[in-house]
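Written below as structure tokens is the structure these notes are about.
The values are calculated or read from the model by the stated rules, or taken from the named source; none is laboratory data. Treat the numbers as computed from the prediction; the structure is a model and nothing was measured. Reconstructed Cβ throughout: ideal geometry from the backbone, glycine too, with neighbour counts over all protein chains shown. Each accessible area value is taken on the protein alone, full model and side chains, heavy atoms only, with ligands, DNA and RNA left out. Shrake-Rupley method; radii C 1.70, N 1.55, O 1.52, S 1.80 Å.
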Amino acid sequence: MKILVTGTAGFIGSHVAIRLLDRGDEVTGLDSINDYYDVNVKYGRLERAGINRDSIESGKMAHSSRCPGYSFIKMNLEDRKGLESIFLTGKFDMVCHLAAQAGVRYSLTNPYAYIDSNITGFMNILECCRHNSVKHLAYASSSSVYGLNENYPFSTHDNVDHPISLYAATKKANELMAHTYSHLYQIPTTGLRFFTVYGPWGRPDMALFLFTKAIIEGRPIDVFNNGDMKRDFTYIDDIVTGVVKVLDHPPMGNSEWSGKVPDTSSSPAPYKVYNIGNNSPVNLMDFIKAIEKALGKEAKKNFMPMQAGDVPATWADVDDLVKDLGYAPSVNVVDGVERFVKWYINFFNVKL
């Protein structure tokens with residue numbers, strides 16, 4: 001299978017690319033390698049699969065020294081002509097679109113980055129899929145789309161019309177855009193609402209990375225909403241398993257769908273939205289305790305009020321993914337955090 005994976009210098013995308021390569025797929029990776037966070041982590045992820053940073057040049061294909069079926073190109077999603085050329089020559093069977101401008105808080109200070117990447121970039125991906133007979137587009141959405149929804153656990157059958165960050169609004173827009181293309185052009189599309197993904201090679205802007213770094217350096221950590229928060233922390237290997245299962249099963253359309261009682265997660269068109277989470281929310285203070293245990297060091301805590309754009313809790317209803325595709329997350333937070341800490345210490349050569 002020939003698969004385009006966007007965001008392969010990113011956290012989830014790098015892991016997905018390696019999983020697909022390990023099973024024998026031919027993968028083309030794409031990423032802009034922007035400086036939203038430490039690019040050394042991004043290059044490190046690429047080097048895991050044999051893409052040497054010295055071989056990377058904007059707009060040109062780099063080939064893996066370790067995986068014969070892997071090639072990579074540095075490119076912005078907004079580069080419409082460049083994307084058209086990649087699709088024309090790549091002849092992809094499927095697209096796993098994980099590239100995006102991520103982060104709730106950053107969207108408060110740099111909103112245009114989200115419009116450029118998440119709206120214009122997604123539009124370009126849709127058009128390329130439309131004109132190149134792609135059999136399935138699986139793309140990253142986010143648990144952030146639930147916004148002001150307080151019905152727990154969060155269900156894809158719930159209304160999500162009240163986002164509270166621009167990031168969330170762009171992800172909701174992606175789902176609407178995808179449905180339009182599924183309806184008009186019969187392109188199978190599946191949206192993946194990720195819930196607080198963590199693990200080795202994770203993003204430096206997320207809590208686990210920030211907390212681990214601060215505790216090691218003896219600095220206090222910022223604990224928002226005075227610690228009264230819950231997150232459906234989901235380990236990266238469980239996320240990747242879910243992504244690959246979804247990618248392998250393009251939606252067929254829901255023959256029982258009714259416009260009089262519309263189901264928001266499906267459609268008569270080949271369109272579907274899934275939650276990918278652990279279905280087991282963890283108290284933030286328990287998460288911090290797991291980090292302290294893995295490091296053997298207590299955190300200095302700076303308790304603060306809730307941040308703008310944030311929500312007090314997330315909890316994924318994954319019943320549809322379990323029923324349709326046999327999804328079964330298996331890694332608990334204590335084990336997952338320990339694996340991350342071991343990676344962090346090794347990658348940054350930390351002496352405790």
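Once the principal axes of the Cα atoms of region 29-156 are found, what is the range along each, listed largest first in whole angstroms?
The Cα atoms of region 29-156 stretch 48, 36, 28 Å along the principal axes, largest first.
Considering the alpha-carbon set of region 204-340 alone, what are its Rg and its Dmax in angstrom?
18.5, 58
What ³J(HN,Hα) values, in whole Hz, does the Karplus curve 6.51 cos²θ - 1.76 cosθ + 1.60 give for region 61-67 when θ = phi - 60°, with x put for Gly and Pro?
Using θ = phi - 60°, the values come out as 6, 10, 10, 6, 7, 10, 10 Hz.
For every helix of n ≥ 4 consecutive DSSP H residues, a contribution of -39,500 (n - 2.57) applies; sum these over the chain, divide by its total residues, and give [θ] at 222 nm rounded to the nearest 500 deg cm²/dmol.
Estimated from H runs of four or more residues: -11000 deg cm²/dmol.
Would you mind checking which residues have amide H under 5 Å from V197's amide H? H placed 1.01 Å from N; only 5 or more apart, or other chain.
T234
Can you bin every Cα-Cα distance in region 312-352 into 10 Å intervals starting at zero and give me the percent of pairs per bin, rounded to whole numbers?
22, 30, 28, 17, 3
At a 1.4 Å probe radius, carbon and sulfur cover how many percent of the accessible area of region 224-352?
Numbers: 3260 of 6430 Å².
The computed percentage sits at 51.
Take the solvent-accessible surface of the protein heavy atoms, probe 1.4 Å, and return the percent of it on region 1-156 that carbon and sulfur atoms account for.
Its accessible area is 47 percent carbon and sulfur atoms.
Of V282, S58, A313, which is farthest along the charge dipole of the chain in the positive direction, counting Lys and Arg as +1 and Asp and Glu as -1 at C-beta?
S58
Given the convex hull over the Cα atoms of region 94-172, what projected area results after averaging over all orientations, in nm²?
So the Cα hull casts an average projection of 5.7 nm².
Within region 209-275, report the chymotrypsin sites (Phe, Trp or Tyr not before Pro) that DSSP leaves as loop and that have at most 16 other Cβ atoms within 10 Å.
Taking region 209-275 and a limit of 16 other Cβ atoms within 10 Å, the loop chymotrypsin sites (Phe, Trp or Tyr not before Pro) found are W257.
Over all directions, the average projected area of the alpha-carbon convex hull for region 124-227 comes to how many nm²?
Average projection, Cα convex hull of region 124-227: 9.1 nm².
Once you keep just the Cα pairs under 8 angstrom separated by 6 or more residues, what percentage relative contact order results for the chain?
17 percent
Given bins 20 angstrom wide, list per bin the percent of all Cα-Cα distances in the chain, short to long.
That works out to 31, 60, 9, 0, in percent per bin.
Counting heavy atoms of the protein chains only and a 1.4 Å probe, report the per residue accessible area for the chain as a whole number of Å².
On the way: 15410 Å² over 352 residues.
Per residue, the chain has an accessible area of 44 Å².
I'd like the projected area of region 273-352, averaged over all directions, using the convex hull of its alpha carbons. Report it in nm² with one decimal.
7.5 nm²
Tally Lys/Arg at +1 and Asp/Glu at -1 over every other residue whose Cβ is under 10 Å from the Cβ of G218; what's the total?
+2
For region 59-163, which GluC sites (Glu not before Pro) are both in a DSSP coil and crowded by at most 12 other Cβ atoms within 10 Å?
Taking region 59-163 and a limit of 12 other Cβ atoms within 10 Å, the loop GluC sites (Glu not before Pro) found are E150.
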